[in-house]
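Everything below concerns the one structure shown next.
The values are calculated or read from the model by the stated rules, or taken from the named source; none is laboratory data. Small disclaimer: the values here were computed from a predicted structure and weren't measured. Heads up, the Cβs are rebuilt from the backbone with ideal geometry, glycines too, and the neighbour counts pull from every protein chain shown. All accessible areas refer to the heavy atoms of the entire protein, side chains included, with ligands and DNA or RNA removed. Shrake-Rupley method; radii C 1.70, N 1.55, O 1.52, S 1.80 Å.
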Amino acid sequence: MAEPYVRLLTEEEIPTATRIVSEGMLGSLSDEVVDAWSSVWEPEECHGAFTQDDRLVGVVRWFRDEVSVPGGAVPAGGVTAVAVASTHRRQGHLTRLIDEQLAHMVGAGVAIATLVAAEWPIYGRFGYGPAMDACGYDVDARAARFLAPASGTTELVTPAELEPHLTAMHDARWARTPGPLRRRSGHWAQRAAGVERWPNDSSDPGQLRGAVWRDDAGEVQGAVSYLVKDTWARNRPAGTAEVRLLVGATPEAERELWRHLCSIDWVSTVTAGLRSVDDPLPLLLADSRVAAQVERSDAIWARILDLPAAFAARRSAVPGRMVVEVKDPQGYAAGRYALELGPDSGSASPTDEPAEVELSVAALGATYFGGQAPRRLADAGWISELAPGGVDRLTALLATPTLPWSTTSY
């Protein structure tokens, strides 16, 4: 009897695959939405799970990219659109899909895979660890008073005018922030136009706005895409500005874009989701409580696939060397390595020296970007100390000046 199997999808199978994902994520199943979403899928990056009678019942998708890491960048795979039909759950389809996808990414030269975990318990068993938290902010725009005086100029732009600026400013933010994927050029055209890739986003693109901030020399240093919603309460305006993406080449640029959002007539609340948990926004204000941090949670999970390549690009503010034992059930990153990091170089070399700490590849992924401190994971039982002071040495070696942040979701 034939067995269930996994293979790459064909172009003709993509619409069925998108419907499976949209169904699983409680999204729209309309032909218009499915067709629009299908148009951005590449068959060579999509795997399907099939039953014995060749019926497509599960999907995983990934896209090639480059992820910013502390001090550098490495080839990455952005995993997205993972779903198994509700009629075929608990039959091993997801395990077969993820195993095949990991092997495919390794063959493509991917050093690190990243994803948004819709549910916490799923991806740890495949070697992914919670690497980056994110949060939202709710700002009382009427009460927001900025400490620094205004600078530069802010200019409203159309979605078409926003696209090149959003792309350039994201690249600038990417270069100074560990964690984000660079994203393909087509992504920015869709984002600037308010056409989202996920079929459960029903926002009206006609409410989309854009703005850029120029410094005193007239150079664009920041860009923001946001939605507006007109609401009235007791015959008073109580509108909302919802940030889709706010990025700047400098902290000053981002401060001035926040100032713009808080000064829009009829807007009483500015909201932003999936921001960095150490965003300085509250500290820009005379009353930090005006900008409330809300809904902090794990955002991006990371899976190390090529450990030497990942650490060759990694830098550390404090030079150091230590030996770690990595456990990886799938085998991609398993082994004992001497990690040697500094401000100008990084390496991970196989060694027979005694290990100072032992950790799973999931714990390594959680600590790699600087989002989780090894000491915290050790206290939770995720890391074992094999030599006195080993955990604290690893914590110092992997510490970063700022926490990682994924500027976009996927």
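Is it true that residue 137 is among the aromatic types (Phe, Trp, Tyr), in contact (Cβ under 8 Å) with a residue 24 or more places away in the chain and more than 24 Å from residue 25 (Cβ to Cβ)?
Spelling it out, residue 137 is indeed among the aromatic types (Phe, Trp, Tyr), in contact (Cβ under 8 Å) with a residue 24 or more places away in the chain and more than 24 Å from residue 25 (Cβ to Cβ).
Just checking: which of the helices (runs of 4 or more DSSP H) contained wholly in the stretch 320-398 hold 3 or more residues that are without any contact (Cβ under 8 Å) to a residue 24 or more places away in the chain and open to solvent by 60 Å² or more (accessible area, probe 1.4 Å)?
Qualifying helices (runs of 4 or more DSSP H): 374-379.
For the stretch 241-299: of the residues being within 13 Å of residue 139 (Cα to Cα), assigned to a helix (DSSP H, G or I) and of a type in the set (D, E, K, R), which is most open to solvent (accessible area, probe 1.4 Å)?
So the residue we want is 289.
Just give me the residues in the stretch 170-195 being among the aliphatic types (A, V, I, L, M) and open to solvent by 20 Å² or more (accessible area, probe 1.4 Å), in sequence order.
Selection gives 172, 175, 189, 193, 195.
Check 67, 79, 57 and return the single one that is part of a strand (DSSP E or B), β-branched (Val, Ile, Thr) and over 26 Å from residue 186 (Cβ atoms).
Just one listed residue meets the conditions, 57.
Kindly provide the set of residues from the stretch 6-17 that are of a type in the set (D, E, K, R) and either surrounded by fewer than 14 Cβ atoms within 10 Å (Cβ to Cβ) or at pLDDT below 90 (or both), ordered by number.
Of everything in the stretch 6-17, those that are of a type in the set (D, E, K, R) and either surrounded by fewer than 14 Cβ atoms within 10 Å (Cβ to Cβ) or at pLDDT below 90 (or both) turn out to be 7, 11, 12.
Pull up the stretch 18-41, narrow it to residues that are in a loop (DSSP other than H, G, I, E, B) and out of contact with any strand residue (DSSP E or B) (no Cβ under 7 Å at 6 or more places or on another chain), then point me to the one that is most open to solvent (accessible area, probe 1.4 Å).
Selected residue: 26.
Tally the residues that are assigned to a helix (DSSP H, G or I) and either surrounded by 14 or more Cβ atoms within 10 Å (Cβ to Cβ) or in contact with a helix residue (DSSP H, G or I) (Cβ under 7 Å, 6 or more places away or on another chain) (or both), restricting the search to the stretch 104-121.
3
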